[in-house]
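Let me begin by presenting the structure, written as structure tokens, before commenting on it.
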Amino acid sequence: MTAVYERTSRFLEGTRRGRREIMTPEGVPLPVELAELGERAGAFLLDLFFWLLATVALFIAALPVVLGIDFVIGLSIFLFLAFVVRNFYFIHFELAWQGSTPGKRINGLRVIDRRGGPLLPGAVIARNLTREIEAFMPLGLLLSLGSAARGGSGWEELSVGLWLLLFTALPFFNRDRLRAGDLIAGTMVVALPRRTLLKDLVQQSARFHFREEQLRAYGAFELQVLEELLRNRARPDATALRRDVCQRICRRIGWTSPLAEADIETFLEEFYTAERAYLEREQLYGKVHLDKHSQEKPGS
Amino acid sequence: MSAETAVRDDTAPATERRTEIVLKSSEFRRGREASWRDLELLIARVDKNGVGALSADELQRLPLLYRTALSSLAVARSIALDRNLLLYLENLGLRAYLAVYGPRVGIWAGCREFLVRGFPSAVREARWHVLLSALILLAGTAVGCALTLTDEAWFTALVPSGLAEERGPSSTRAELADGEIFAPWPGAAMAFGLMANFLFTHNTLIGIMTFSLGIAAGVPTLLLLAYQGVILGAFLALHANRDLTIEFLGWISIHGVTELTAVILCGAGGLLIADKALFPGRYSRLESLAIHGRLAARLAIGAMLLFFVAGILEGGFRQLIQSTPARFAIGGLTALIWLVYFLRGGIERTR
């Protein structure tokens, strides 16, 4: 059945995110959508920003104590604070917010266990400790490269940096876009949009009646495209599109009696209802009609 | 049951007379929609304020509603063709799954559990890797020591200038004894501020590298481990050549016991990752990594804590205590504490 939804989604929304399936402990498979690399990078930059804000705020709070000491000590205290804050930040939020951080929440991302089990604290800690190697050490090296270029040879830093960048670039090289921390912790990052339940399109009563031969003209794919058309009233060309679709349906099912312009909406809604009732009943009997072509070969 | 039939009155001509329609999937939806909405509200609150925001009664309802939603999804997949409904149920099921199976412990409870049970049991579980890691460190020390004992030029080659500071082949015995081993205490602010901070972050980064680079088949881990040993051996030989062996060992034992333990544990974590990635056994490589990566991470984060303790010991107490026997006593005490902690920590007492 899911093949139909995949196809409808592709048809309606164009290119789609990568989809994976996790098996819940209850044994019901749930599809998840992989987060795009851009979304993850965006979330990380947001988190980086919040982390820097928190560190600076903490440092300013500690300034009265720090002021008495000389610059180098002040700097090292700042670095220490930054180190503690960033590790605390990521681990705390991923634990407290069910696998998301402020940046991830803004971008609608979640960390989940790759195999569908619970997200354990150990996994959260593991994937965030690795962040030091993947993100913060290359960043630090990059910053120190500038000073090294002035003072002497930057070759050592450069080669270490390239070596570390290999780890940073890991998400580009695998199907599930896992970074090194995800590999170690057995997690992956998924996008979690919130969907709303819309009104059921099924009509309570019918004015138009369709015979079974007429309903046999279409399958689940066409039904779902029609559903989308009926739900989507906001499109500017909705009326024209409906008239067009209505004419095509009439031609295909051989509907001859004339339709008033005002009746098009009702006609489509009632045709949707009748078609869905027919297809769902057929499905109960084990006859799945994927699209209009599957009707012609009975038993397939 | 005829409820599933779409249009009851098939024979009537298409007139204005309206007929009743009952769809199984619509009936199904009507019967369960309230519980889905209920679940949606609960999840929204968990997402916003965590599981703690729910009352005891709601906490009990959450998994029940979650299972209802999952079974609704399973039913809907087989009887309904309403795309919006199916997408909604899949989404609801996933969000509820994350709320139900999300991490339940906060950072503090997690830390306590980790200190009491997680860390020592991880060390015991990875004992062979810990042993191997210690042996490599030891081998590195032996090599560094042997090379530098015969020719002190090796010291300059082996020890990075940042670590060597002013020490080297040209140092005299008096310089080492007074300027390093028995140097005066630089004062509280200086000691705890600069040294603990710098040493902690520096060592921790080395530790994290030793651990994380285990993912590159363990080669960098082995190199880093051995190299740490080499540096230690070079320092040891430098002092031995000036007849300061005992004083040096005492000076270093105060924090060294803790710090070397931390290095060994980081190395063990890295080796464990490499081992499980290279030889996954009956799992796939990725699965094997996922299963054992968490054990390795427990070792690594425990090692961070040890580095922290070592940083404080080094920055604070090392120069505060000026007698070699007292230094040995502290070093021995820390060794004993760690040993007991790792061997006995978190084991349930059986009568």
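Over the C-alpha atoms of the range A:20-191, the Rg to Rh ratio, Rh being the Kirkwood estimate, stands at 1.04. The angle separating the long axis of helix B:324-344 from the principal Cα axis of greatest extent in chain B is about 30 degrees. PRE reach from A:R194 (point 7 Å along Cα→Cβ): which of the range B:39-64 fall under 15 Å by backbone N? Within reach of a label on A:R194: B:39-50. Taking the Cα atoms of chain A, the ratio Rg/Rh between the radius of gyration and the Kirkwood radius comes to 1.18. The fraction of Cα-Cα pairs per 10 angstrom bin, counted from 0 for the range A:201-300, comes to 14, 50, 30, 6, 0 percent, rounded to whole percents. For the pair B:A240 and A:E36, label points projected 7 Å from Cα toward Cβ lie 6.2 nm apart. A Förster distance of 51 Å, applied to the separation of the beta-carbon atoms of B:S121 and A:Q204, puts the FRET efficiency at 0.25. For A:A57 and A:L162, the FRET efficiency from 1/(1 + (r/R0)^6), where r spans their Cβ atoms and R0 equals 30 Å, is about 0.30.
Cβ crowding within 10 Å, taken as a proxy for footprinting-reagent exposure, orders A:L229, A:L162, B:L313 from fewest neighbours to most as A:L162, A:L229, B:L313. A Förster distance of 35 Å, applied to the separation of the beta-carbon atoms of A:R243 and B:R285, puts the FRET efficiency at 0.05. Summarising the overall dimensions of the protein assembly as shown from its C-alpha atoms, the Rg and Dmax are 33.2, 115 angstrom.
Pairs with C-alpha atoms separated by more than 31 Å, drawn from the list A:K199/B:K48; A:K199/A:K292; A:K104/B:K24, are A:K104/B:K24.
Overall dimensions of the range B:21-101, expressed as equivalent-ellipsoid semi-axes from the Cα gyration tensor (√(5λ), whole Å, largest first), are 25, 12, 10. Full extension of the segment from B:D178 to B:V75, taken as 0.36 nm per residue of separation minus the current Cα-Cα distance, would add 29.0 nm. On full extension, the segment bounded by B:R112 and B:E33 gains 24.3 nm, given 0.36 nm per residue less the C-alpha separation.
Using a 10 angstrom cutoff on alpha carbons, build the Gaussian network for chain A and name the most mobile of A:E270, A:E134, A:E94. With Cα springs under 10 Å in chain A, the top fluctuation among A:E270, A:E134, A:E94 is at A:E270. Against chain A, whose longest principal axis is taken from its Cα atoms, helix A:71-96 shows a tilt of about 30°.
Read-outs: derived from the displayed coordinates by stated rules, not from any lab. Treat the numbers as computed from the prediction; the structure is a model and nothing was measured. Ideal geometry is used to build each Cβ from the backbone, glycine not excepted, and the neighbour counts take in all protein chains shown.
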